[in-house]
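The values are calculated or read from the model by the stated rules, or taken from the named source; none is laboratory data. In this text the structure is predicted, and so the values were computed from the model without any measurement. Backbone-built Cβ (ideal geometry, glycine too); neighbour counts: all protein chains shown. The area values use the complete protein model at the heavy-atom level, side chains included, leaving out ligands, DNA and RNA. Shrake-Rupley method; radii C 1.70, N 1.55, O 1.52, S 1.80 Å.
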Amino acid sequence: MSRSKPIAVVSGVAVAAVLLGVVSYTATRPTPPGAAGSSSVAEVSADPSAGVYAELEAYARRDPADKLALGRADAPVVLIEYADFKCGYCGKFARDTEPVLIEKYVDNGTLRIEWRNFPIFGAESEAVARASWAAGQQGRFWEFHRAAYAEGANEKGFGKERIAALAKEAGVPDAARFAKDSEGAAAREAVAADQEQGYSLGATSTPSFLINGRPIAGAQPLETFTETIEAAAKTAKAAKSSAGASTPSSGATKPSAGASQPSAGASTPGASQPSAGASTPGPGAAR
């Protein structure tokens, strides 16, 4: 088995870890006293043409049964969000940016959003993360998500009574099942799996995102997301068209049985063929 693919995947994850790790602090750092308006947007640069790592596209689960996802499983673009319900920047993204992305891209089949619970602010973060998963088991994750990220909700905390109230507001039908599921092993395992994936990418604060293999840290302006999504959609469309063009049509002319065939070592006229030993550029090669 070739070792190049595992090395490329590890290299891609390592680069993403550096990117997210370097900028992650500014995504959720506390607002300095008296700093008016500084909590509106994380102070992180985000060039839409910056690094896209195809290896990281594999982090998208694309599971049609995923209750914490929104949009078609076969959508050309997948946005993965690693977030904490106690995170102020995550709330801003949920209220100001995400609804626009849903209306503009999810509703027309371009985008799929996959949520990853990434609690980093202690026991209440862990509890509300499990509760969101439990709400999802009754088909009410996104309603719970909306209630938990409503303006001012974070200031009320996420104690047991508050979580129960959020579940009621979200329309979770079976309160007893919700309470049991929130404390169950399955919820803990699901949240831990999401956390492990986030940490493997180098995410240390919230929100952090992957859009078709491109890491983005912080609640960036809407334009950062729209430009990245549209670029990813364009790339996916081009790749699909290329794949379709390379598939021979059913009516393609086939050589007759008596036609002479070129030997295995013969060159194809008009085309340069790489030798068997030609090296494949690594993930750091110029593109």
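Looking across the range 118-156 at every residue that is among the basic types (Lys, Arg) and either in contact with a strand residue (DSSP E or B) (Cβ under 8 Å, 6 or more places away or on another chain) or not in a loop (DSSP other than H, G, I, E, B) (or both), the one that is surrounded by the fewest Cβ atoms within 10 Å (Cβ to Cβ) is identified as Lys156.
Selection of the range 115-146 for residues being over 18 Å from Pro207 (Cβ atoms) and among the hydrophobic types (A, V, I, L, M, F, W, C) yields Ala123, Ala127, Ala131, Ala134, Ala135. Exactly one residue among Gly244, Gly265 is open to solvent by 60 Å² or more (accessible area, probe 1.4 Å) and either of a type in the set (D, E, K, R) or at pLDDT below 90 (or both), and that residue is Gly265.
Among residues of the range 204-217 that are modelled with pLDDT under 95, those with a beta-carbon under 9 Å from a residue that is basic (Lys, Arg) at least six positions away or on a different chain give the pairs Ser205/Arg29. Selection of the range 157-183 for residues being open to solvent by less than 20 Å² (accessible area, probe 1.4 Å) and without any contact (Cβ under 8 Å) to a residue 12 or more places away in the chain yields an empty set.
Check the range 214-235 and report whether any residue there is in a strand (DSSP E or B), among the aliphatic types (A, V, I, L, M) and either under 20 Å from Trp115 (Cα atoms) or open to solvent by less than 30 Å² (accessible area, probe 1.4 Å) (or both). Show your work before the answer.
Initial filter on the range 214-235 (in a strand (DSSP E or B)): 214-217.
Of the ones still in play, those that are also among the aliphatic types (A, V, I, L, M) are 216-217.
Subsequent filtering for residues that are either under 20 Å from Trp115 (Cα atoms) or open to solvent by less than 30 Å² (accessible area, probe 1.4 Å) (or both) retains 216-217.
Yes.
One line per residue, one yes/no per condition, for (1) of a type outside the set (Phe, Trp, Tyr); (2) open to solvent by less than 10 Å² (accessible area, probe 1.4 Å); (3) not in a helix (DSSP H, G or I):
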| site | (1), (2), (3) |
| --- | --- |
| Val191 | yes, yes, no |
| Tyr199 | no, no, no |
| Ala203 | yes, yes, yes |
| Ala238 | yes, no, no |
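Filtering the range 205-249 to residues that are within 30 Å of Phe85 (Cβ to Cβ) and among the basic types (Lys, Arg) leaves only Arg214.
Would you mind finding the one in Asp47, Asp63 that is modelled with pLDDT of 95 or more and either of a type in the set (D, E, K, R) or farther than 9 Å from Glu114 by Cα (or both)? Let's see the steps before the verdict.
Details: Asp47 fails: modelled with pLDDT of 95 or more.
Result: Asp63 is the single residue among Asp47, Asp63 that is modelled with pLDDT of 95 or more and either of a type in the set (D, E, K, R) or farther than 9 Å from Glu114 by Cα (or both).
Checking the range 11-27 against the condition returns a match, with at least one residue being at pLDDT below 90, over 27 Å from Ala238 (Cβ atoms), of a type in the set (Ser, Thr, Tyr) and under 17 Å from the mean Cα position of the chain (by Cα). Applying the criterion of being open to solvent by 10 Å² or more (accessible area, probe 1.4 Å) and aromatic (Phe, Trp, Tyr) to the residues of the range 48-104, the residue that is farthest from Ala127 (Cα to Cα) is Tyr53.
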